[in-house]
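Quick note: the coordinates plus some simple rules give every number you see, no bench work behind them. Owing to the predicted nature of the structure, the values given are computational and were not obtained by experimental measurement. Counting neighbours? That spans all protein chains shown, and the Cβs are built from the backbone with ideal geometry, glycine included.
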Amino acid sequence: MSSCSPSITTMIRMDHTHVMAVFHRYHAETSWWRKRAIVELACTALEIHAQLEEEIFYPALSEVMAGDERLAKSKPEHDKMREDIAKLRSMGPEDAAYDARFMQLMREVMHHVADEETVLLPTAERALGSQLSALGVRMTKRRMQLVARNRPTAIAANTAGTFPLASLAAISLGALAIAHCLRPAPARRIRRYE
Ligand SMILES: [Fe+2]
Ligand SMILES: [Fe+2]
């Protein structure tokens with residue numbers, strides 16, 4: 001897998017793109033059961049993503065951005081996001097404040113993602129160049145463990161068949177890239193000597 005695994009920064013961008021796509025499925029007029037499924041899918045994807053960054057990406061970045069306040073505020077922002085997720089999970093879509101809470105979470109995540117994509121990821125690409133692929137491999141392995149642990153939650157959220165299975169798989173992110181890597185190589189052409 002190492003020769004094909006995407007770099008850690010590519011995987012992080014793919015995670016961001018996926019969670020934004022999930023966010024945009026949510027509308028005030030969406031049915032309550034669909035809202036609940038969207039929220040659970042987004043929250044689980046965010047939790048896995050944040051844990052991967054904290055275990056693998058931020059420590060690697062701290063070697064080259066020690067003392068940088070933009071890196072220092074990343075973990076507290078994840079903690080705030082986890083608090084917001086816990087509040088959302090303690091409510092139901094029938095609650096009058098549910099929409100506003102989810103929109104608030106969306107705004108905070110979008111702000112955090114913008115900081116990562118404009119500062120942290122470009123810095124990592126300049127400073128960690130040759131390590132990015134190896135870090136991507138570590139992230140893929142850890143992601144598989146976390147996804148396996150979270151799969152029952154994601155499936156429960158999908159009891160109403162809200163999302164196609166591909167979307168549940170993408171909770172893992174980098175999932176598409178991983179699938180690409182695992183795809184069998186095209187059959188070699190056999191040269192005929194006649
Ligand atoms: Fe983050
Ligand atoms: Fe991120």
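Calculate, for Lys80 and Ala134, the FRET efficiency according to 1/(1 + (r/R0)^6) with r their C-beta to C-beta distance and R0 45 Å; round to the nearest 0.05. The partial results should precede the final answer.
Numbers: r = 31 Å, r/R0 = 0.68.
Plugging the Cβ-Cβ distance into 1/(1 + (r/R0)^6) gives 0.90.
Find, among the GluC sites (Glu not before Pro) in segment 1-70, those assigned to loop by DSSP (not H, G, I, E, B) with at most 12 other beta-carbon atoms within 10 angstrom.
Numbers: sites: Glu29, Glu40, Glu47, Glu53, Glu54, Glu55, Glu63, Glu69; in loops: Glu29, Glu63.
Passing sites in segment 1-70 are Glu29, Glu63.
I want to check the label-to-label distance for Ala28 and Glu69. Put each point 7 Å from Cα in the C-beta direction and report it in nm to one decimal.
Placing both labels 7 Å beyond Cα along the Cβ direction yields 3.7 nm.
Mind listing the phi-derived Karplus ³J(HN,Hα) values for segment 139-144, rounded to whole Hz, using 6.51, -1.76 and 1.60 with θ = phi - 60°, and x for any glycine or proline?
So the J values, rounded to whole Hz, are 5, 4, 5, 5, 4, 4.
Per-residue HN-Hα couplings for segment 110-117, Karplus 6.51 cos²θ - 1.76 cosθ + 1.60 at θ = phi - 60°, whole Hz, x for Gly and Pro?
Running phi through 6.51 cos²θ - 1.76 cosθ + 1.60 with θ = phi - 60° gives 5, 5, 4, 4, 4, 4, 5, 6 Hz.
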